[in-house]
Structures are given as C-alpha cells and as structure tokens.
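S.K.: Quick one: the structure is below, questions incoming.
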C-alpha cells in the first residue's frame, strides 16, 4: 500500500512542470493600522488582491490607492506580521469570494471563509464559483419593476410600507430600538410565505458585538431559518478592512443566488458602522477627508452597494436581490450625513421612533414618516384592500391624537376616530421574533379597519387577536388558505370572514 | 513652495559631484529640514537612486543564494550586462537555486524552496 502511494507521488512529481517566471513585485515601506504603503508593483490593478510575504507566512491585502510612485494596500489579515521591507506580489485577480449553495446555513467572514468552526464549506476546489466582491450592478435592460411582495411578517410594515422583491428599503432609528429585530423577523417569516419561492437570506453583521451575532444565529437556528440563511460576520473586533468588505461579500453571495434565478434578501446591519470603517481606512490611506471626516466617495460606496439590489427580467432568469440596509441615528437625527445619503439612495425607509418605543408601541414604526416608494406595486390585492383604510384611519388618528386627553368634550364622530386609531395602534403591536404570515395579517387587520374591534377594551385587543386566529385555525381554515393561495379577498371569503369575526366576538 | 521628492532628488543629482559631495549633501539636508520636508527623505533617497542609476546606466541587482556560487553570480552579471558585481545574500532556507531581484521591482525566483512550494500548492 505504502509503495503504491510513493509511486503515485513520484508520478505526480515527475509530471509537475514549474517555469521560472519574471514577476513584478513591490516592497513595503510604511505600515500603519491595518494599511501599508509600498513601492513598486507598477502593473497592479485597482482592487487587486496582493500577497505580502512576511516572516509568519503570506498575508493578503487589497490595492486601494494607486499613486504616482507608491501603492496603498489595505491588509486583510494580521497586520502586525507585516514589516517594512516585506515583498509584495500581485495575484492578477480582483478580490473575489467563492460562493455557492453550500454556504447556506453557515457563518462566514468577510472573505467567505467559515467562521463557525464547522469545517470547510466546499468539499473540493472545484465546488462553488468565484464572484468578484465589487461588481457593477445589473443595467436597465436586464431589470424589471418590482412585482412580487417580500413579506416581513410585521403587520405595520406589510400593510403600510410594503416591500417588494428587488427593492432597497432602509431601516433607520436610534440604538436599541428594534432595527435588527425587524430584519430578523423578515428572515424568519420567509418560511411562512408558502405561496412564493423562499428567498435565500444573507445577514451581514458589520461592527456588531460577537455576542449579538451569536444570539442572532442561535435565534435563527431555533426558528429553523438557518436552512436558507447565510451569516456574514465582521464583528467589532475584526479589522476595519474586513468590516468594509463584509457588505460587498454579502452582496456577492446574494448575486450568486439571483443569477441562479432565485430570490435573495440581504440585510446590511449596519451601514453606519460600515461608513465608519471606510472612513478609518480612507484616513489611514491619507485620502482627503470631507464632511464629518468621511472621504469624498462615501456616497458612491453605499450607492454602488445598494444599486446591486435588483429584480431581473424573465429573460435574465427572473431572480431578485432585495436589500434591507440598517442605519443607526444619534438622538433621532435623520439629517446627519450618512442617514441622508442612504435615505436618498434607497426606495423608502422604515423609521423607528424612540418615543413610540417607550410608549410600548413595538415595533416602534412611525407610519407617518415611513414610506415605500415601489413596494405598493408588489402588494397583494387582499392586503391592499385592508391597508388603504388602515393608512387613512391612522392618519386621521394622528391628527386628533393631541385631543385624546380631552376626549370627553369631543363630538361622537371624533371620539369614534380616536377609538379606532387606538384600537388599530394596539392591533399593530407585535412581539420580537413572532412574525405573522400575510394571510393572518389580512384577516386581523380586516377586523380592525371594519370596526369589529371598536368595543373591545384596549388591553384586550391582543387577546382577542389570539382568540380570533385560534378560532379561524380550528373552524375556518379555508379562509386563510384561500387568501394565501389567491392573494385576494374574494366576496365569498369576505362573507365567511365577517361571520367568523362575529362568532368570535360572541364567544 | 513645496517640492516633490522627485524634484528634490533631481536637484541633488544635478548639484552633487565628487569634489564637494559632502558639503552639498549637508547643505541639501539643511534646506530640506528648513522647508519642513524631512519626512520625505526616504522617498528622496529612493528617487535619487533611481535617477542616479538611470543617468549612469546602473541597476540595483541582488542575488540571493542558498550557498556561495561564484559562477552563478558571474553568469547573472554577464546576462544582465552589469557594470558592477551584484549584491549577494546567503539564505540557507532557499535550499538551492537563486532569487534575482532587479531594482526592487522585478524578481526572478528560481529557488528550490519556491518550486517545492508551487508543487505543494498544485498537488494538494
């Protein structure tokens, strides 16, 4: 046996041909905090991967700054190993990550390497495809307008700020207000949306605490959502270079699924920290600082990332890539530099308000300031039927909210509007990690907007909702199935629904 | 007015000669310091070396070997038509062969170590 192995090795070695080639190299002359500058390597491309030969082995980097007589490199590995005088070799290829369906269920780092301790992702070198981390977004010809809903399972969002597959919807709000929870709910809810293809979800954690990432992965696993999810983690302890790359890696993984004709949902949590990481790299590379010390291309950084979200036309496979970027504001200041940039890039925003959060309205979505510019085209007919009234009722309620404390002095019609607003606000409350399938949302909201819940005490609304859904599950399952299947609220189904609500109220 | 490292190097090359080399360098360094450009010295030196080599048709060649080999060094000198002997460094970890570096920008790696590394990468 050992002889056979030795013979085989001998054969392999005799068949191996190694040519001595002339290589262009560079030499490190300055090392900074995660960046280095070098002389030489005159033929290097922008964004090309380079390998720095150090005493402790090769360290990868990306050539970001191509200057007249030097090259600025961002180090992707352990920058403490890099020393002045180290030789740098170009690899001849732009930074790319290996992607494939094997990544589903795994936690990877910003270079697409496993970070969950569960061994290699790909069984052999031939598996997976190399996708460039930076890629020009699909052009006009290849796209079509958003036409399929992406249900988040959150009543307030699916009804009033609908998201379509291929859309870019920003989630914006202060710290500790439930931004990530909305994104996680959206991932978990994809398995409830049985009428459509289940999108592959990519959760990109940028500058988050490792404990938070671990908690999210555990929650996704508990809910069975890791079966279709990839987590790209560049936590707070990762070098700024990896934090800068992570969203682009997430987009590359999403694009792989989109190119396969599948749907993908990418969550960038969050782009504020991404902008900070990019600012750090840019300042270390001595790029001129602009407003708030961000470099001049900070807008382009986010616009080129988010532009990669697309709904491809049927001729190009019909896949889609939906992006849910998250932005953290300071004291609700949406007019800061990065929030205004990302607001202007995206197709709408979900604005979370601290006041609502502390009043107990959770998710704390401010439906007045939140918009979805293209999602309504993708909303189902059934949801449209209830959502129109819901939006109107809540808008009227907002106007009258100031008078709530003088409710006794108001006329009957105004009182009714206030009560309806309070009931609907109560109905839209939802716990974390409890997304609701869209057909259930439709029946619950139908009861709310048509005044069936007006007489119920506010603290009892959630109980009634639970009782009503239990009753429908047991006695009128056909209603939910019909809505889920057709996406419409047909006249006969509506009649059955009315009866079911009345029967529940009598219970 | 601020000058680039290339401009400094050019001026130094034009003014320096065998007779008053030391005095010129002293004066040059004092000017660079008073102009607040002392941090540019490594860049100036590199650019000076480049310009100097270009002017006199010289090349910075370094040959790294596993063990001394006079024949190989001579062959390199002839092949590259060098006016002077190349710099030689002995590195036992190369195991055999040689690595020739020209002007810190081009490397011809014919060492046994790199060939073994390539074989290892290709077959495993």
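The values are calculated or read from the model by the stated rules, or taken from the named source; none is laboratory data. Computed from a predicted model, the values in this text were never measured in an experiment. Cβ atoms come from the backbone with ideal geometry, glycine included; neighbour counts cover every protein chain shown.
S.K.: Out of region A:187-202, which residues are within 13 Å of residue A:226 (Cα to Cα) and either within 11 Å of the chain's Cα centre (by Cα) or crowded, with 19+ Cβ neighbours inside 10 Å (or both)?
M.R.: Let us first name the residues in region A:187-202 that are within 13 Å of residue A:226 (Cα to Cα), namely A:187-191, A:198-202.
Residues satisfying the conditions are A:187, A:188, A:189, A:190, A:199, A:200, A:201, A:202.
S.K.: Something else now. Identify, please: which residue in region A:57-93 is under 28 Å from residue A:124 (Cβ atoms) and surrounded by 17 or more Cβ atoms within 10 Å (Cβ to Cβ) and is, among those, modelled with the lowest pLDDT? It would help to see each step written out before you state the result.
M.R.: Keep residues of region A:57-93 that are under 28 Å from residue A:124 (Cβ atoms), which gives A:57-62, A:76-78, A:89-93.
Cutting the leftovers down to surrounded by 17 or more Cβ atoms within 10 Å (Cβ to Cβ) gives us A:59-62, A:76-77, A:89-90.
Numbers: A:59: 93, A:60: 93, A:61: 95, A:62: 95, A:76: 92, A:77: 86, A:89: 91, A:90: 91.
Residue satisfying both the conditions and the ranking: A:77.
S.K.: Applying the selection to region A:1-46, what residues are under 21 Å from residue B:121 (Cα atoms), at the interface with chain B (Cβ under 10 Å from one of its Cβ atoms) and at pLDDT 80 or above? Talk me through it step by step, then tell me what you get.
M.R.: Pass one, region A:1-46, residues under 21 Å from residue B:121 (Cα atoms): A:5-25.
If we keep only those that are at the interface with chain B (Cβ under 10 Å from one of its Cβ atoms) too, we end up with A:9, A:12-13, A:15-25.
Selection gives A:22, A:23, A:24, A:25.
S.K.: Shifting gears a bit: Test residue A:50 against the criterion of being outside any loop (DSSP other than H, G, I, E, B), in contact (Cβ under 8 Å) with a residue 40 or more places away in the chain, at negative phi and under 39 Å from the mean Cα position of the chain (by Cα), and give yes or no. Steps first, answer last, please.
M.R.: Details: outside any loop (DSSP other than H, G, I, E, B): yes; in contact (Cβ under 8 Å) with a residue 40 or more places away in the chain: yes; at negative phi: yes; under 39 Å from the mean Cα position of the chain (by Cα): yes.
Taking the combined requirement at face value, the residue satisfies it.
S.K.: Turning to a different aspect of this structure: In the set A:504, A:425, A:414, which member is in contact (Cβ under 8 Å) with a residue 24 or more places away in the chain and more than 30 Å from the chain's Cα centre (by Cα)? Before you say what the answer is, go through the steps one by one.
M.R.: Details: A:425 fails: more than 30 Å from the chain's Cα centre (by Cα); A:414 fails: in contact (Cβ under 8 Å) with a residue 24 or more places away in the chain.
Exactly one residue qualifies, and that residue is A:504.
S.K.: Go through (1) in a helix (DSSP H, G or I); (2) modelled with pLDDT under 95 one by one and return the number of the condition residue A:246 breaks.
M.R.: Condition not satisfied by residue A:246: (2).
S.K.: Here's a check for you: in region A:55-102, which residue that is within 14 Å of another protein chain (Cβ to nearest Cβ), closer than 28 Å to residue B:50 by Cα and in a strand (DSSP E or B) is nearest to the chain's Cα centre (by Cα)?
M.R.: Residue satisfying both the conditions and the ranking: A:91.
S.K.: Another question, if that's okay. So is residue B:44 free of Cβ contacts under 8 Å to residues at least 40 places away in the same chain, closer than 21 Å to residue A:84 by Cα and within 14 Å of another protein chain (Cβ to nearest Cβ) or not?
M.R.: yes
S.K.: Give B:110, B:36 a once-over and let me know the one that is within 25 Å of residue A:38 (Cα to Cα), without any contact (Cβ under 8 Å) to a residue 24 or more places away in the chain and within 14 Å of chain A (Cβ to nearest Cβ). Give the derivation first.
M.R.: Working: B:36 fails: within 14 Å of chain A (Cβ to nearest Cβ).
Just one listed residue meets the conditions, B:110.
S.K.: Turning to a different aspect of this structure: Kindly provide the set of residues from region A:367-411 that are modelled with pLDDT of 90 or more, part of a loop (DSSP other than H, G, I, E, B) and more than 26 Å from residue A:173 (Cα to Cα), ordered by number.
M.R.: A:380
S.K.: Mind listing whichever residues of region B:54-81 are surrounded by 10 or more Cβ atoms within 10 Å (Cβ to Cβ), free of Cβ contacts under 8 Å to residues at least 24 places away in the same chain and part of a loop (DSSP other than H, G, I, E, B)?
M.R.: The answer is B:80, and nothing else.
S.K.: Residue A:254: farther than 26 Å from residue A:78 by Cα and either in contact with a strand residue (DSSP E or B) (Cβ under 6 Å, 6 or more places away or on another chain) or surrounded by 24 or more Cβ atoms within 10 Å (Cβ to Cβ) (or both), yes or no?
M.R.: Working: farther than 26 Å from residue A:78 by Cα: yes; either in contact with a strand residue (DSSP E or B) (Cβ under 6 Å, 6 or more places away or on another chain) or surrounded by 24 or more Cβ atoms within 10 Å (Cβ to Cβ) (or both): yes.
Here the answer is yes, as residue A:254 does meet what is asked.
S.K.: Turning to a different aspect of this structure: Take the residues of region A:276-308 that are in contact (Cβ under 8 Å) with a residue 40 or more places away in the chain and assigned to a loop (DSSP other than H, G, I, E, B): which is surrounded by the most Cβ atoms within 10 Å (Cβ to Cβ)?
M.R.: For region A:276-308, the residue satisfying everything is A:308.
S.K.: Got at least one residue in region B:96-105 being modelled with pLDDT under 90, within 13 Å of chain A (Cβ to nearest Cβ), surrounded by 15 or more Cβ atoms within 10 Å (Cβ to Cβ) and under 30 Å from residue A:8 (Cβ atoms)?
M.R.: Yes.
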